[in-house]
């Protein structure tokens, strides 16, 4: 019986680690979901291997433990490889502090539309980026009293998925599709933030296990941002962690950076121990001060994020 339990546990741990290790041999879109969970799956495999070792003292269980530890450690290195060099405690001299609220509110979450609207209106955010925004469309008149400028949900598109709200007028504005799977899920707008133009981008990507659409969308997004000059803040639901290969390629190509550690945004049942699939990326000279999880998901299957950032003024 002890040998049988040992074998079952070792098989499960081997399968888990084998799926993770496959990324080092081939770039396969079907592994995208598991790659985002590399830290969690590695730790799970380590636990299985250690339990197996209690049932039978055998070298293979220890080998699985070491392999799991190596994958877990590498995942942590990857999580911080493209992190901002430091989060600043105060704005640079002459710069101002601003707030961005970004939140996938879930397109079927209509029963909480009024509650989410109350939060947006009272958030004191300078700019708001909402994904799957349908549940708050009926509250738009109330929202526009605080955020009179918007892109999405009837402005530049009839869709109501991606939405940018601003207290300040847009200097430039653009909305387009990323690939052929979904329409109008990329927004780029320039807003004057107390004398400094800042580019705000919004992106909602497909899930990484939908064939190669996720990788294609990231490539198109990188191309769309290539000619953007000046401070840039990109927020979105990327449906993937920064440790997946296509996300790493995207960050390397664009020069965008993120906070470390990033707050978990999914699944909400895991709370702070989930993974980050909703991100806020910044490019110098814009500086991230903090990126925090909005602890009340308000019926969504994602946690929202509140980002504080600073923009140095022209000298």
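Details
- Candidates 64, 17, 48, 12: the one that is surrounded by fewer than 20 Cβ atoms within 10 Å (Cβ to Cβ), touching a helix residue (DSSP H, G or I) at 6+ places or on another chain (Cβ under 6 Å) and either outside the structural domain of residue 246 (by TED's automatic domain parsing) or in a helix (DSSP H, G or I) (or both) is 12.
- Subset of the range 207-228 (residues that are modelled with pLDDT of 95 or more and within 18 Å of residue 131 (Cα to Cα)): 217, 218, 221
- Residue 118, sole failed condition from (1) more than 19 Å from residue 279 (Cα to Cα); (2) part of a loop (DSSP other than H, G, I, E, B): (2)
- Checked against (1) more than 30 Å from residue 35 (Cβ to Cβ); (2) part of a strand (DSSP E or B), residue 188 passes all but a single condition, namely (1).
- Scanning the range 191-222 for residues that are surrounded by fewer than 20 Cβ atoms within 10 Å (Cβ to Cβ), under 28 Å from residue 154 (Cβ atoms) and more than 19 Å from the chain's Cα centre (by Cα) yields 192, 197.
- Test: residue in the range 194-202 that is within 23 Å of residue 75 (Cα to Cα), outside any helix (DSSP H, G or I), assigned by TED's automatic domain parsing to the domain that holds residue 155 and touching a strand residue (DSSP E or B) at 6+ places or on another chain (Cβ under 7 Å): no
- When the range 284-307 is limited to residues that are surrounded by fewer than 19 Cβ atoms within 10 Å (Cβ to Cβ) and under 16 Å from the mean Cα position of the chain (by Cα), the one that is nearest to residue 110 (Cα to Cα) turns out to be 301.
- One residue from 172, 114 being touching a strand residue (DSSP E or B) at 6+ places or on another chain (Cβ under 6 Å), free of Cβ contacts under 8 Å to residues at least 40 places away in the same chain, in the same structural domain as residue 206 (by TED's automatic domain parsing) and exposed (fewer than 15 other Cβ atoms within 10 Å of the Cβ): 172
- Residue match in the range 32-43 (condition: assigned by TED's automatic domain parsing to the domain that holds residue 235, surrounded by fewer than 20 Cβ atoms within 10 Å (Cβ to Cβ) and touching a residue at least 60 places away in the same chain (Cβ under 8 Å)): no
- Members of the range 138-163 that are in a helix (DSSP H, G or I) and in contact with a helix residue (DSSP H, G or I) (Cβ under 8 Å, 6 or more places away or on another chain): 138, 139, 142, 143
- Residue in the range 203-215 that is within 18 Å of residue 100 (Cβ to Cβ) and either in a strand (DSSP E or B) or touching a strand residue (DSSP E or B) at 6+ places or on another chain (Cβ under 8 Å) (or both) present: yes
- Output for the range 268-283, where each listed residue is over 21 Å from residue 231 (Cα atoms) and either surrounded by 16 or more Cβ atoms within 10 Å (Cβ to Cβ) or at pLDDT 95 or above (or both): 268, 274, 275, 276, 277
The values are calculated or read from the model by the stated rules, or taken from the named source; none is laboratory data. Quick caveat: nothing in here was measured; it's all calculated off a predicted structure. FYI the Cβ positions are ideal-geometry reconstructions off the backbone, even for glycines, and counts take in every protein chain you see.
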